[in-house]
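J.: Can you read through this structure? Questions will come right after.
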Amino acid sequence: YLLDKADKYDSRDVERLQQDDKWVENYLIWRHDVVDDTLKMIDESFQWRKEYTVNDLSESVLPKWLFENGALFLHGYDKEGYKLFWFRVKHHTRDPKQQLDKKKLVAFWLEHYAKRDHGKPLTVVFDMAETGISHIDLDFVRFIVNCFTDYYPNFLTKIVIFEMPWIMNAAFKIVKGWLGPDAISMLKFTNKNDVQEYINGEYLPPHMGGTDSFKYSYPPLVDDDFQTPLCENGPITSEDEHESKEEIDADTKETGELNEEQNLNQKKMNSVEQISKSEETDKTEIKPKNAKKALTTFKGPLLHISPAEELYFGSKETGEKKCLIVLTNVTKNVVAFKVRTTAPEKYRVKPSNSSCEPGTSLDIIVSLHGGFAASLQDRFLIMAAEMDQSSGAGVPELTQFWKEVPRTKVMEHRLRCHVVESSKPSSLTLKENAFNIPAKTNEDLHIQLTHLLQINKRLQEQIDRCLWFQQLSIVLSLLSVTVVAFCFYLMYSQRS
């Protein structure tokens with residue numbers, strides 16, 4: 001493919017394919033580990049990506065009215081923690097002259113999210129309330145469907161269709177034909193009575209029976225609605241204050257013991273993650289007894305962040321309420337950082353707005369307030385930017401710095417929350433062995449289940465072929481016996 005069609009691919013996509021195993025794996029999973037089908041999908045998606053200049057799509061190259069229209073945007077999460085990709089059909093009208101720009105908007109949102117959340121799957125919501133014949137645009141719907149089935153592998157969890165008008169039943173029968181048997185099972189037709197089977201009311205607008213007060217507007221670009229900066233001690237309420245003081249006192253007593261164990265653990269880990277200024281860290285941070293440290297690391301241009309993707313909290317039964325985020329400055333300058341969250345009322349973050357010296361590591365403690373439980377929908381955003389050596393790192397300097405720093409120079413990394421249901425959380429604590437393996441996420445289990453089903457399917461096909469050959473052999477054997485018997489009969493008849 002590369003030799004024959006190199007001019008039809010974007011070199012950046014080819015380079016990514018050669019370096020990103022996860023991307024390759026997603027193509028294989030989506031095509032059920034059939035290599036020829038996988039290659040064909042990669043070929044088609046790469047040609048499509050170059051045709052639509054996907055790698056170069058940005059707000060500046062698309063018409064502003066597309067964003068102001070509000071027909072397409074990302075907002076909220078479903079019950080499984082997957083991001084919602086909204087298509088408000090009533091804001092869409094057929095217009096051949098605008099069709100290409102609208103399709104590029106779809107590609108922009110998908111690529112924007114894929115780069116931001118490393119390809120974590122989406123749930124598509126077709127909000128068809130208040131729609132009629134003038135809004136039916138099968139070509140555009142087909143394009144959206146093709147994006148998930150042909151161009152973005154393993155990117156779709158389900159399609160929630162809300163209040164589809166009866167007049168569009170025939171149209172969606174055609175859409176089902178485009179989806180194929182695997183994707184048809186992802187269609188969920190809903191109304192106000194049952195849509196909350198898939199999406200909690202907190203992320204549903206009032207007309208869908210929810211309580212989400214979100215109103216689409218542009219600018220800025222609709223994002224995760226992160227709140228910043230998080231106060232270091234969080235919004236502690238009166239009932240939590242006594243408990244928090246007790247926790248801090250207990251943690252302080254064990255700081256020395258924990259630091260010794262942490263040093264032992266860090267000798268086993270990558271040398272980049274060692275804390276060179278342990279005395280300063282002891283003064284500024286109190287390490288919780290149950291803070292969890294993950295083995296995975298996101299390697300950004302300014303900071304290495306561990307864990308790479310998920311913070312592991314316990315359920316109400318397990319009582320695990322604290323997690324540890326380790327930031328390592330890999331630059332030669334001071335790096336300022338701050339932490340945002342989608343649920344500021346739940347969490348305390350220490351420190352939430354500070355700086356990290358060159359070549360050093362810093363621990364951030366994330367803890368839940370009493371009475372609150374972590375949710376799959378909760379997200380954290382870590383923002384980082386390089387500071388000049390001459391700049392101070394006090395609160396006033398940091399405040400002024402964040403007001404002036406260009407957005408293009410800010411590194412962003414997002415973390416999801418994962419709730420561990422077992423009594424013994426699988427992620428690491430500072431008192432546990434440094435080589436424990438984190439629990440598998442729902443996505444991992446889904447991938448394994450899909451793989452097992454494919455193996456089972458292939459075995460069944462092999463059994464069917466064996467049975468067919470066995471039956472064919474029996475028939476041929478009977479024919480052979482019949483022919484031989486007939487030959488003997490002819491010979492006997494000629495002699496007699």
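The values are calculated or read from the model by the stated rules, or taken from the named source; none is laboratory data. Since the model is a prediction, treat every value here as computed from it, not as a measurement. Because the Cβ atoms are built from the backbone with ideal geometry, glycine has one as well, and the counts that use them run over all protein chains shown. Just the protein is used for accessible areas: all its heavy atoms, side chains included, with ligands, DNA and RNA removed. Shrake-Rupley method; radii C 1.70, N 1.55, O 1.52, S 1.80 Å.
J.: Going through E397, E412 one at a time, which residue ends up being outside the structural domain of I199 (by the TED database) and more than 28 Å from A114 (Cα to Cα)?
T.: So the residue among E397, E412 that is outside the structural domain of I199 (by the TED database) and more than 28 Å from A114 (Cα to Cα) is E397.
J.: Are any residues in segment 193-210 at pLDDT 90 or above and open to solvent by 40 Å² or more (accessible area, probe 1.4 Å), and if so, which ones?
T.: Matches in segment 193-210: N193, D194, Q196, E197, Y198, P206, H207.
J.: Look at segment 1-29 and say how many of its residues are open to solvent by 40 Å² or more (accessible area, probe 1.4 Å) and aromatic (F, W, Y).
T.: Going through segment 1-29 one residue at a time, the tally reaches 1.
Residues checked against (1) part of a helix (DSSP H, G or I); (2) over 29 Å from S375 (Cβ atoms); (3) modelled with pLDDT of 85 or more; (4) open to solvent by 80 Å² or more (accessible area, probe 1.4 Å):
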residue	(1), (2), (3), (4)
D444	yes, no, no, no
Q454	yes, yes, no, no
Q470	yes, yes, yes, yes
L478	yes, yes, yes, yes
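J.: Within segment 349-369, track down each residue that is open to solvent by 10 Å² or more (accessible area, probe 1.4 Å) and among the charged types (D, E, K, R).
T.: Passing the criteria: K350, E357.
J.: Please specify each residue of segment 3-40 satisfying the condition of being free of Cβ contacts under 8 Å to residues at least 24 places away in the same chain and of a type in the set (K, R).
T.: Matches in segment 3-40: R16, K40.
J.: Additional query: Suppose we keep only residues that are farther than 20 Å from L110 by Cα and surrounded by 19 or more Cβ atoms within 10 Å (Cβ to Cβ) within segment 137-171. Which one would you say is modelled with the highest pLDDT?
T.: Among those residues, the one meeting the criterion is F162.
J.: Out of all the residues in segment 113-136, which are over 21 Å from L57 (Cα atoms), out of contact with any helix residue (DSSP H, G or I) (no Cβ under 8 Å at 6 or more places or on another chain) and open to solvent by 30 Å² or more (accessible area, probe 1.4 Å)?
T.: Result: S134, single match.
J.: Moving on. Restricting to segment 480-496, and then to whatever is of a type outside the set (A, V, I, L, M, F, W, C) and open to solvent by 80 Å² or more (accessible area, probe 1.4 Å), can you tell me which residue is modelled with the lowest pLDDT?
T.: Filtering first and then ranking leaves S496.
J.: So, in segment 30-55, exactly how many residues are farther than 20 Å from Q454 by Cα and loosely packed, with under 12 Cβ neighbours inside 10 Å?
T.: Counting residues in segment 30-55 that are farther than 20 Å from Q454 by Cα and loosely packed, with under 12 Cβ neighbours inside 10 Å gives 1.
J.: Considering only residues that are more than 20 Å from K332 (Cα to Cα) and over 16 Å from the mean Cα position of the chain (by Cα), look in segment 370-389 and name the one that is surrounded by the fewest Cβ atoms within 10 Å (Cβ to Cβ).
T.: So the residue we want is G371.
J.: Say whether the condition of being under 21 Å from the mean Cα position of the chain (by Cα), at pLDDT 90 or above and open to solvent by 30 Å² or more (accessible area, probe 1.4 Å) is met by at least one residue in segment 95-104.
T.: Among the residues of segment 95-104, not one is under 21 Å from the mean Cα position of the chain (by Cα), at pLDDT 90 or above and open to solvent by 30 Å² or more (accessible area, probe 1.4 Å), which makes the answer no.
J.: Separate question: Could you give every pair whose Cβ atoms fall below 8 Å, whose first residue belongs to segment 199-212 and is closer than 12 Å to D127 by Cα, and whose second residue is in a loop (DSSP other than H, G, I, E, B) and open to solvent by 30 Å² or more (accessible area, probe 1.4 Å), counting only separations of at least 6 or pairs across chains?
T.: Filtered contacts from segment 199-212: L204/T211; P205/F214; M208/K192.
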